[in-house]
1. So if I check each of GLU94, GLU33, GLU18, GLU109, which one is surrounded by fewer than 14 Cβ atoms within 10 Å (Cβ to Cβ) and acidic (Asp, Glu)?
2. Listed residues THR231, THR189; which is hydroxyl-bearing (Ser, Thr, Tyr) and closer than 30 Å to PRO355 by Cβ?
3. From (1) part of a helix (DSSP H, G or I); (2) open to solvent by 50 Å² or more (accessible area, probe 1.4 Å); (3) more than 30 Å from LEU366 (Cα to Cα), pick out the condition that doesn't hold for GLU197.
4. Considering only residues that are in contact with an Asp or Glu (Cβ under 6 Å, 6 or more places away or on another chain) and of a type in the set (D, E, K, R), which ones fall in the stretch 108-158?
5. Answer with yes or no whether GLU193 is of a type outside the set (Lys, Arg) and at pLDDT below 90.
6. What is the number of the single condition among (1) of a type in the set (A, V, I, L, M); (2) in contact with a Phe, Trp or Tyr (Cβ under 8 Å, 6 or more places away or on another chain); (3) surrounded by fewer than 17 Cβ atoms within 10 Å (Cβ to Cβ); (4) not in a strand (DSSP E or B) that LEU373 does not meet?
7. Can you spot a residue in the stretch 227-237 that is open to solvent by 60 Å² or more (accessible area, probe 1.4 Å) and assigned to a helix (DSSP H, G or I)?
8. Quickly run through the stretch 157-170 and pick out the residues that are open to solvent by 70 Å² or more (accessible area, probe 1.4 Å) and touching a residue at least 60 places away in the same chain (Cβ under 8 Å).
Amino acid sequence: MAAPSGIVRYPGPGCIVEFMQGNRPITAWVLEEQAGKLRLLLANRRETKLTTNRLLPWSGPVYSGEYGRQQIIDLLELHRQRRDDRETALDPLELWTLAQGEVDRASLEWFAELLWEAPEVDDLAALGRAMLACKTHFKFQPPDFEVYTAEKVDARLAEQEATRQREALVAAGNEFVRILWDVHSRHRTLPPETSPERPAPDIAEQLAALVMTRLADPDDHDSEAVWKQVTKGLPDDPHLALHLAKTWGLVPEHHNFWMDRAGYAPGNAWAADHADDLAALRAAVESARRDPLATPFISIDSATTRDIDDAFHIEARGDGGFRLWLALACPALAWPYGSELDKAVLRRATSIYLPEATHHMLPEELGTGFFSLLAGQDRPALVLAMEVAPDGELQSCVPGGAWVNLAANLTYEACEACLAAVAPPQAAPNPDDDLLAAM
């Protein structure tokens, strides 16, 4: 018959005990105890040896008398089933809520008293199992359980979700990147969007972000472990992320990955985040508008130039020298130093001129529009008034702020044609010719 239902502190022969194996509790029967070492019979009829310090702190009940092996197996199965059924009915999160503010850690019996008046060993074992499984809210520190704070629970839940997402990403991602590599190396075609070979939308989004992260920073420490798992079995190609991104269609065929690595946003879409700063800047500049100089400045640039940042006017002096005026575009006028716009432009550092496209340092609204020295438009400028001796030596240079209105934006081709005293190679008359002839 069974002994009283309380926990047994020193289990001996006939006692039912539990221990952890493979991250789950195993129920066993003590056949023999000697100097803290136990010989146990498991429900699968196998025997094992264990020290008492390996036992979970809910040993019991104890059965006295002689029992055959089949009887022991039946009793083990009976208690296992009882504990499974009772564990299913327990809500460890409710228990965690009850324990908040009461204790930082406590024994299993203390927690059991929150739920029952006179719990049996099977109740205690079921509760212990449930708390062991609830690793986000409790930590087992034999023989007690630590109660995590709400802040730590939130952190562990976030970590648990991140682990789940990472495992799902690795499982589905590895299969899909193999398909991408096969398409890239064998010039095949990707399966359609609805194909089961494609990852689910949430996984695809995470995978695409991972590929772009590795494209921008091949040495990114935070993504390295997942990247190695996702790309396991693929060649160790230094441009693997680029090949995958192009094959998937995440980037165009001739994508310039150096911009990604420099953190330089191509195009002008980045400027949309600074609409308020841009509007305030334009309003401040407009409030300082005044009549432009009468000086007929001209600019000379390539025919495709849109950000016209310098112009000039020159006059001959009677002594053989010259008066030269340079007008420089002045976006610094009313510039919002320290603003998010200022920080974004500082990070961009420069405009980039490439055969396939030009990417401007300033928002195009400013660089190719509001501050560009476009002919016929009033523009703020830094004007340098210089006196030049007949031998070309600079005699004086006086800077000052002014508004200008250019007479013309000329092209290199038009100027060269004029200097060579031949018509420009254009089908239609070029208005630049008349202006140059009049100078």
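The values are calculated or read from the model by the stated rules, or taken from the named source; none is laboratory data. Values in this document were obtained by computation on a predicted structure and should not be read as measured data. Heads up, the Cβs are rebuilt from the backbone with ideal geometry, glycines too, and the neighbour counts pull from every protein chain shown. The accessibility values were calculated without ligands, DNA or RNA, using every heavy atom of the protein model including side chains. Shrake-Rupley method; radii C 1.70, N 1.55, O 1.52, S 1.80 Å.
1. Working: GLU33 fails: surrounded by fewer than 14 Cβ atoms within 10 Å (Cβ to Cβ); GLU18 fails: surrounded by fewer than 14 Cβ atoms within 10 Å (Cβ to Cβ); GLU109 fails: surrounded by fewer than 14 Cβ atoms within 10 Å (Cβ to Cβ).
Exactly one of GLU94, GLU33, GLU18, GLU109 is surrounded by fewer than 14 Cβ atoms within 10 Å (Cβ to Cβ) and acidic (Asp, Glu), namely GLU94.
2. On the way: THR231 fails: closer than 30 Å to PRO355 by Cβ.
Just a single option satisfies the conditions, and that option is THR189.
3. (1)
4. Listed by number, the residues that qualify are ARG129, LYS139.
5. Values: of a type outside the set (Lys, Arg): yes; at pLDDT below 90: yes.
It is true that GLU193 is of a type outside the set (Lys, Arg) and at pLDDT below 90.
6. Evaluating LEU373 over (1) of a type in the set (A, V, I, L, M); (2) in contact with a Phe, Trp or Tyr (Cβ under 8 Å, 6 or more places away or on another chain); (3) surrounded by fewer than 17 Cβ atoms within 10 Å (Cβ to Cβ); (4) not in a strand (DSSP E or B) leaves (3) as the failure.
7. Checking the stretch 227-237: at least one residue is open to solvent by 60 Å² or more (accessible area, probe 1.4 Å) and assigned to a helix (DSSP H, G or I).
8. ARG166
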